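The values are calculated or read from the model by the stated rules, or taken from the named source; none is laboratory data. Values in this document were obtained by computation on a predicted structure and should not be read as measured data. No Cβ is skipped: glycine too gets one built from the backbone with ideal geometry, and neighbour counts run over all protein chains shown.
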Amino acid sequence: MPTLQRTTLVTFTSLMNQGLGAHVAGWDKQSQIVTFKNGSELLFMGENYDTDKDFDRFKGLEINGAGIDEINECQEGLLYKVLERAGSWLNAEGRPPIVVMGTCNPSNNWVKELVYDKWRDNELPPTWAYIPSKITDNPHIPEDYLKSLRDNMPEYEYKRFVEGDWEVQEKPENPFFISYDAKRHESFQPTFRTNLPIYISLDFNLQPFCGIVAQIWSDENGDHVHIVDEFNVVDGSIPKMVDTIKAKYAPFLFSCQITGDAMGKRGDLSQRDNANYYEQLARGLGLSQKQIRIVPNPKHENSRAQCNYLLQFHPDIKVNPKTCPGMARDMKMVACDAGGTIIKRNRFIISQQSDFADCFRYLCNSFLNEWYIKHLKRSGYSKFGPNFIPETNHL
């Protein structure tokens with residue numbers, strides 16, 4: 001609510017003073033409910049994700065529609081909860097149309113993947129619309145203000161906030177994957193091949209669960225690692241993750257190998273029984289325990305050395321940016337501190353949303369470590385520290 005008071009409510013107060021107030025019967029500033037003279041109500045609510053990760057305050061809400069300001073700063077789950085509740089108020093005269101609107105600045109996160117990218121590719125659902133609008137479209141903006149923006153804003157900020165550029169990306173100061181090169185590692189070529197086994201790597205967050213799907217094989221052309229798909233389960237549910245995987249890969253699970261976050265062995269998530277996450281997955285997907293490969297999570301600094309070595313020397317690690325936009329984003333945006341530890345303090349900052357990056361780290365640690373060690377030994381390394389990180393006695 002403090003953020004609303006500094007932003008949205010300031011704008012609403014201005015509208016009240018410009019004439020809207022003539023139509024308002026009352027404004028309860030304790031509950032932040034505005035009542036209009038025709039009986040309609042406007043409810044102001046903050047997301048408050050830090051204290052309400054399940055959006056409990058929105059459950060049971062009866063509304064006709066909603067507007068989400070700066071939706072790019074909200075969780076994806078909030079949008080789905082609002083869509084669920086919109087249209088549930090049945091006492092409105094004439095049944096007004098159900099409309100959910102969102103405003104935002106270009107952001108390299110779930111809003112881009114869910115809305116902008118699909119609009120760009122002509123794949124938006126028929127009931128959805130994306131309306132691009134720039135500050136320069138407003139004829140009432142003073143020219144000296146626009147000139148000040150041009151003269152003083154950094155190029156990245158100007159392209160994003162003034163020109164409305166969704167494709168521009170700010171490079172992190174200290175990227176975790178320093179060897180990742182989009183020109184080399186991104187391609188539309190990697191697609192799911194039914195004749196190859198699948199490797200699924202998972203990351204268990206409170207919100208969301210996510211995973212990547214890879215195919216790893218060798219042939220006459222060499223060794224290959226193709227990341228062909230990604231998925232996330234917004235409300236962090238093992239049964240829903242099972243359903244998500246089955247929906248796409250049920251006929252091919254006999255050749256599946258699963259790895260991921262070793263912390264998935266904890267028992268601190270709501271579960272249907274006392275089994276750990278991977279036991280639930282194995283049962284739900286009909287896998288044997290041999291198909292689950294869980295190794296201790298590598299330290300970030302060791303994982304960084306391993307991942308970047310593989311990205312530099314493996315002949316064919318490819319990510320499909322169309323089917324794996326979150327993975328492609330993380331590989332370019334995730335940052336680390338001076339010690340090599342991934343920075344994860346604030347999930348609203350794009351470079352600190354490392355869910356798919358973690359999936360890649362677990363994939364490398366579980367399924368590419370053998371290739372990594374063999375290549376190191378061929379390169380002359382004979383002494384290794386923790387997690388098989390080569391030490392300095394290069395022969």
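How about region 13-27: which of its residues are in a strand (DSSP E or B) and either outside the structural domain of ASP69 (by TED's automatic domain parsing) or under 19 Å from GLY67 (Cβ atoms) (or both)? It would help to see each step written out before you state the result.
Initial filter on region 13-27 (in a strand (DSSP E or B)): 24-27.
Matches in region 13-27: VAL24, TRP27.
Please enumerate the residues belonging to region 197-237 that are over 21 Å from TYR372 (Cβ atoms), not charged (D, E, K, R) and not in a strand (DSSP E or B).
ASN205, LEU206, GLN207, PRO208, VAL234, GLY236, SER237
If we scan region 193-205, do we find a residue that is in contact with a His (Cβ under 8 Å, 6 or more places away or on another chain) and more than 22 Å from ASN108 (Cβ to Cβ)? Let's see the steps before the verdict.
Step one: filter region 193-205 for residues in contact with a His (Cβ under 8 Å, 6 or more places away or on another chain), giving none.
No - not one qualifying residue is present in region 193-205.
Kindly evaluate THR191 against the criterion of being outside any loop (DSSP other than H, G, I, E, B) and loosely packed, with under 15 Cβ neighbours inside 10 Å.
no
So how many residues does region 11-70 have that are of a type in the set (A, V, I, L, M, F, W, C) and within 27 Å of the chain's Cα centre (by Cα)? Steps first, answer last, please.
First pass over region 11-70, keeping only residues of a type in the set (A, V, I, L, M, F, W, C): 12, 15-16, 20, 22, 24-25, 27, 33-34, 36, 42-45, 55, 58, 61, 63, 66, 68.
Add one more test, that the residue is within 27 Å of the chain's Cα centre (by Cα), and what stays is 44-45, 55, 58, 61, 66, 68.
So the answer is 7.
Among what's in region 272-304 and is surrounded by fewer than 19 Cβ atoms within 10 Å (Cβ to Cβ) and touching a Pro at 6+ places or on another chain (Cβ under 9 Å), pick the residue that is farthest from ILE245 (Cα to Cα).
Top of the filtered list is ASN302.
Go through (1) closer than 20 Å to PHE356 by Cα; (2) in a loop (DSSP other than H, G, I, E, B) and name the single condition VAL115 misses.
So the condition that VAL115 fails would be (2).
Could you say whether any residue in region 121-132 is modelled with pLDDT under 90, surrounded by 11 or more Cβ atoms within 10 Å (Cβ to Cβ) and of a type in the set (Phe, Trp, Tyr)?
Scanning region 121-132, I find no residue that is modelled with pLDDT under 90, surrounded by 11 or more Cβ atoms within 10 Å (Cβ to Cβ) and of a type in the set (Phe, Trp, Tyr), so the answer is no.
I'd like the residue in region 280-331 that is assigned to a helix (DSSP H, G or I) and acidic (Asp, Glu) and, out of all such residues, is farthest from TYR180 (Cα to Cα).
Step one: filter region 280-331 for residues assigned to a helix (DSSP H, G or I), giving 280-285, 289-291, 300-313, 325-331.
Next, only the ones that are acidic (Asp, Glu) stay: 301, 330.
Working: GLU301: 16, ASP330: 10 Å.
Among residues in region 280-331 that are assigned to a helix (DSSP H, G or I) and acidic (Asp, Glu), the one farthest from TYR180 (Cα to Cα) is GLU301.
If you check TRP110 against the conditions, is it aromatic (Phe, Trp, Tyr) and closer than 21 Å to PRO321 by Cα?
yes
Restricting to region 123-137, give me the number of residues that are of a type outside the set (Asp, Glu) and free of Cβ contacts under 8 Å to residues at least 12 places away in the same chain.
Our first condition is that a residue be of a type outside the set (Asp, Glu); within region 123-137, this holds for 124-136.
Narrowing further to those that are free of Cβ contacts under 8 Å to residues at least 12 places away in the same chain: 124-127, 129, 131.
Of the residues in region 123-137, 6 are of a type outside the set (Asp, Glu) and free of Cβ contacts under 8 Å to residues at least 12 places away in the same chain.
If you scan region 189-228, which residues turn out to be touching a residue at least 12 places away in the same chain (Cβ under 8 Å) and acidic (Asp, Glu)?
ASP203, ASP223
Among strands (runs of 3 or more DSSP E) lying entirely in region 32-80, which contain 2 or more residues that are surrounded by 14 or more Cβ atoms within 10 Å (Cβ to Cβ), at pLDDT 90 or above and among the β-branched types (Val, Ile, Thr)? Before you say what the answer is, go through the steps one by one.
Numbers: elements: 33-36, 41-43, 66-68.
Fully inside region 32-80 and qualifying: 33-36.
Where residues in region 146-157 are surrounded by 11 or more Cβ atoms within 10 Å (Cβ to Cβ) and under 19 Å from MET333 (Cα atoms), which of them is modelled with the highest pLDDT? Reasoning before the result, please.
Here is the first cut: in region 146-157, the residues surrounded by 11 or more Cβ atoms within 10 Å (Cβ to Cβ) are 146, 148-149, 153, 156-157.
This time we only want the ones that are under 19 Å from MET333 (Cα atoms), so: 156-157.
Numbers: TYR156: 76, GLU157: 84.
In this case the residue turns out to be GLU157.
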